[in-house]
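Chemist: I have a structure I would like to understand better, so I am pasting it below and will then ask my questions one at a time.
The values are calculated or read from the model by the stated rules, or taken from the named source; none is laboratory data. Please read these numbers as outputs of a predicted model, since none were measured by experiment. Reconstructed Cβ throughout: ideal geometry from the backbone, glycine too, with neighbour counts over all protein chains shown.
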Amino acid sequence: MNYAIIGFGQIGQALAKTFARKGIDVSVATTRAPESFAADAAAIGPGIIPTTLAEAVKADVIFLATRFESHPEVAKALPTWEGKTIVDVTNTYGVSPEEMGGSSSSRVVAQAFTGARLVRGFNHLVAAVLEQDPAVQGGGRRVVFLASDDEGAAAEIGALAENLGFAPIQLGGLSEGGLLVQTRGKTWGQLIFKDLVRFA
């Protein structure tokens, strides 16, 4: 199983730090040449591999950490996303429900990435919290919420979240629990910014 992060802003870099902490290699890409962010990748760790978008989309699991408005451009990188798992980390604050046809943002993303299995996750924490060690003093682990219409994909990303040190909580489908971790217009979902810790 190999991994990529598309988008290398604050959230993309925070995700990369979670991989580096566990020594798990991950490719990182933007629509720019990899040389333009290679120094930032190297500063995080040797397993953070700057690459082109065309190379990054070859990964099995792809974290989409771009602006929501950029997802159609990324989706054009492959004619079909069959066999890929997309983790939707996009933020739709300020995008009106009308612009999304009344659908949830992750369903809109899923439609663009034809054939992919999509999981909404790792998006409810701000970058400064997400990049911290998820192991909390006293034996707790920071919670990440996951939502998907594909139970197999949700389980796969849940296992990855565990490997990265988090405590995943499954919220159900995109139109159910998924709405708790997305914005609608300028209204935040009820679980966004909730920094929770699970203790064994």
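Chemist: Please go through segment 186-200 and give me each residue that is over 18 Å from the mean Cα position of the chain (by Cα) and closer than 19 Å to residue 69 by Cβ, ordered by number.
Modeler: The answer is 186, 187.
Chemist: So residue 60 fits all but one of (1) within 18 Å of the chain's Cα centre (by Cα); (2) surrounded by 13 or more Cβ atoms within 10 Å (Cβ to Cβ); what number is the exception?
Modeler: (2)
Chemist: Identify, please: which residue in segment 33-64 is touching a Phe, Trp or Tyr at 6+ places or on another chain (Cβ under 9 Å) and in a loop (DSSP other than H, G, I, E, B) and is, among those, nearest to residue 12 (Cα to Cα)?
Modeler: For segment 33-64, the residue satisfying everything is 37.
Chemist: Just need a number here: residues in segment 72-95 that are of a type in the set (Asp, Glu) and surrounded by fewer than 19 Cβ atoms within 10 Å (Cβ to Cβ).
Modeler: Of the residues in segment 72-95, 2 are of a type in the set (Asp, Glu) and surrounded by fewer than 19 Cβ atoms within 10 Å (Cβ to Cβ).
Chemist: Restricting attention to segment 1-32, report how many residues are part of a helix (DSSP H, G or I) and either within 13 Å of the chain's Cα centre (by Cα) or of a type outside the set (Gly, Ala, Ser) (or both).
Modeler: Total meeting the criteria: 11.
Chemist: Could I ask something else about it? If I ask for residues that are surrounded by 19 or more Cβ atoms within 10 Å (Cβ to Cβ) and among the hydrophobic types (A, V, I, L, M, F, W, C), which ones from segment 101-124 would you list?
Modeler: Across segment 101-124, the qualifying residues are 108, 109, 110, 113, 116, 118, 119, 122.
Chemist: Go through (1) of a type outside the set (Phe, Trp, Tyr); (2) in contact (Cβ under 8 Å) with a residue 60 or more places away in the chain; (3) in contact with a Phe, Trp or Tyr (Cβ under 9 Å, 6 or more places away or on another chain) one by one and return the number of the condition residue 114 breaks.
Modeler: (2)
Chemist: In addition: Please state which of the following conditions residue 69 fails to meet, knowing it meets all the rest: (1) of a type outside the set (A, V, I, L, M, F, W, C); (2) surrounded by fewer than 18 Cβ atoms within 10 Å (Cβ to Cβ); (3) modelled with pLDDT of 95 or more; (4) out of contact with any helix residue (DSSP H, G or I) (no Cβ under 8 Å at 6 or more places or on another chain).
Modeler: (3)
Chemist: Let me ask something additional. Read through the list (1) modelled with pLDDT of 95 or more; (2) surrounded by fewer than 20 Cβ atoms within 10 Å (Cβ to Cβ); (3) in contact with a Lys or Arg (Cβ under 8 Å, 6 or more places away or on another chain), then give the number of the only condition that residue 47 fails.
Modeler: That leaves (3) as the condition not met.
Chemist: Then there's this: Does any residue in segment 49-66 that is over 15 Å from residue 19 (Cα atoms) and free of Cβ contacts under 8 Å to residues at least 24 places away in the same chain come within less than 7 Å, Cβ to Cβ, of a residue that is buried (at least 20 other Cβ atoms within 10 Å of the Cβ) and hydrophobic (A, V, I, L, M, F, W, C) six or more places away or on a different chain, and which pairs are these?
Modeler: 52/29
Chemist: Quick test of your reading of the structure: residue 144 fulfils all but one of (1) in contact with a Pro (Cβ under 8 Å, 6 or more places away or on another chain); (2) touching a residue at least 60 places away in the same chain (Cβ under 8 Å). Name the failing condition by number.
Modeler: (2)
Chemist: When you scan segment 69-185 for helices (runs of 4 or more DSSP H) that lie fully inside it, which ones turn up with 1 or more residues that are under 13 Å from the mean Cα position of the chain (by Cα) and polar (S, T, N, Q)?
Modeler: Helices (runs of 4 or more DSSP H) meeting the threshold: 105-112.
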